[in-house]
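The values are calculated or read from the model by the stated rules, or taken from the named source; none is laboratory data. Model, not experiment: these values are computed from the prediction. Don't worry about glycine lacking a Cβ; one is built from the backbone with ideal geometry, like all the others, and counts go over all protein chains shown. Heads up: the accessible areas ignore ligands, DNA and RNA and are worked out on the full protein's heavy atoms, side chains in. Shrake-Rupley method; radii C 1.70, N 1.55, O 1.52, S 1.80 Å.
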Amino acid sequence: MGNHRFRREDADTRIGRYLCLILRHHPEKAGITLDEHGWADVEELIAGVSRRWPMDRAKLEEIVRTDGKQRYSFSADGCLIRANQGHSIPVDVGLPLTRPPELLWHGTGEKYTASIDVHGLLPQNRLYVHLSGDAETAVAVGRRHGRPVLYRVRSGRMWEDGLPFYRSVNGVWLTEAVPVRYLEKQAGAGE
Ligand code: HQG
């Protein structure tokens with residue numbers, strides 16, 4: 001019985017990862033397009049995803065509801081769906097400029113620190129640099145890239161200096177880049 005549950009969770013995780021790929025990076029792989037605000041037509045998405053995974057409206061709603069990081073939203077009428085953040089293709093999800101707290105956090109892999117210490121944080125493949133409101137979350141994000149290293153970001157100062165901040169609907173802070181002068185590497189995050 002436990003086995004059965006684990007198998008289902010695995011399949012759901014894989015479907016979730018595919019949904020992420022389609023809604024953030026490669027809609028064409030499911031034969032769909034996103035509008036300039038990142039929205040996909042739900043019926044088209046279901047038809048596109050169904051070519052690879054069992055998918056219907058109920059399944060999609062379940063994935064959106066249970067996603068651990070609340071990565072997706074439906075439009076108010078339920079006809080459209082989009083990823084809340086994390087895109088690599090240029091979409092404008094319409095987030096308002098928002099004053100950040102004085103300090104935010106960024107977790108990364110040790111292998112990136114030599115470059116970060118010279119160039120600051122850059123969005124790499126995404127539209128924005130992603131920052132966390134607490135150190136623990138940032139370390140967990142960093143661990144995805146190997147041995148984690150934690151940076152403290154002087155976000156309050158950045159805001160006062162005119163740099164933009166947005167808060168995605170699932171609570172991730174976004175900014176275009178973080179110059180080195182606003183970064184402070186923390187000791188010991190990887191222990
Ligand atoms: C690093 C997950 C070299 C950066 C998480 C990061 C997050 C540099 C990596 C969200 C650099 C990009 C985002 C520079 C930054 N030189 N490396 N100058 N500047 N980097 O995955 O922040 O599951 O695109 O530190 O929870 O790790 O997708 O960004 O290590 O919220 O919903 O380049 O992804 O959420 O990696 O993670 P990523 P991230 P989801």
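Some notes on this structure:
- Selected residue (criterion: nearest to the ligand (Cβ to nearest atom)) from residues of region 136-150 that are surrounded by 17 or more Cβ atoms within 10 Å (Cβ to Cβ) and among the hydrophobic types (A, V, I, L, M, F, W, C): Val141
- Complete set of residues in region 40-52 that are farther than 16 Å from Arg24 by Cβ and either of a type outside the set (A, V, I, L, M, F, W, C) or open to solvent by less than 50 Å² (accessible area, probe 1.4 Å) (or both): Asp41, Val42, Glu43, Glu44, Ile46, Ser50, Arg51, Arg52
- Here region 28-50 is the region considered, the condition is being among the β-branched types (Val, Ile, Thr) and in contact with a strand residue (DSSP E or B) (Cβ under 7 Å, 6 or more places away or on another chain), and the residue that is nearest to Asp12 (Cα to Cα) is Val42.
- If you go through region 21-66 and keep only what is in a helix (DSSP H, G or I) and either within 19 Å of Asp92 (Cβ to Cβ) or in contact with a Cys (Cβ under 9 Å, 6 or more places away or on another chain) (or both), you end up with Ile22, Leu23, Arg24, His25, Pro27, Val42, Glu43.
- Restricting attention to region 160-170, the residues that are modelled with pLDDT of 95 or more, surrounded by fewer than 18 Cβ atoms within 10 Å (Cβ to Cβ) and either under 21 Å from the mean Cα position of the chain (by Cα) or part of a loop (DSSP other than H, G, I, E, B) (or both) add up to 4.
- In region 84-115, the residues that are among the small types (Gly, Ala, Ser), open to solvent by 20 Å² or more (accessible area, probe 1.4 Å) and under 18 Å from the mean Cα position of the chain (by Cα): Ser88, Gly94
- Qualifying residue in region 19-32 (condition: closer than 20 Å to Gly68 by Cα, surrounded by 13 or more Cβ atoms within 10 Å (Cβ to Cβ), of a type in the set (Lys, Arg) and out of contact with any Phe, Trp or Tyr (no Cβ under 6 Å at 6 or more places or on another chain)): yes
- Tabulated pairs, region 52-68, first free of Cβ contacts under 8 Å to residues at least 24 places away in the same chain, second open to solvent by less than 70 Å² (accessible area, probe 1.4 Å) and not in a helix (DSSP H, G or I), C-beta under 6 angstrom, 6+ apart or interchain: Val64/Tyr72
- Residues located in region 97-126, provided they are in a helix (DSSP H, G or I) and within 9 Å of the ligand (Cβ to nearest atom): Lys111, Tyr112, Thr113, Ala114, Ser115, Ile116, Asp117, Val118, His119
So that you can scan it fast, the table gives a plain yes or no per residue for (1) more than 8 Å from the ligand (Cβ to nearest atom); (2) surrounded by 14 or more Cβ atoms within 10 Å (Cβ to Cβ); (3) within 30 Å of Gly38 (Cα to Cα):
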site: Tyr128; (1), (2), (3): yes, yes, yes
site: Arg152; (1), (2), (3): yes, yes, no
site: Met158; (1), (2), (3): yes, yes, yes
site: Glu184; (1), (2), (3): yes, no, no
site: Gly188; (1), (2), (3): yes, no, no
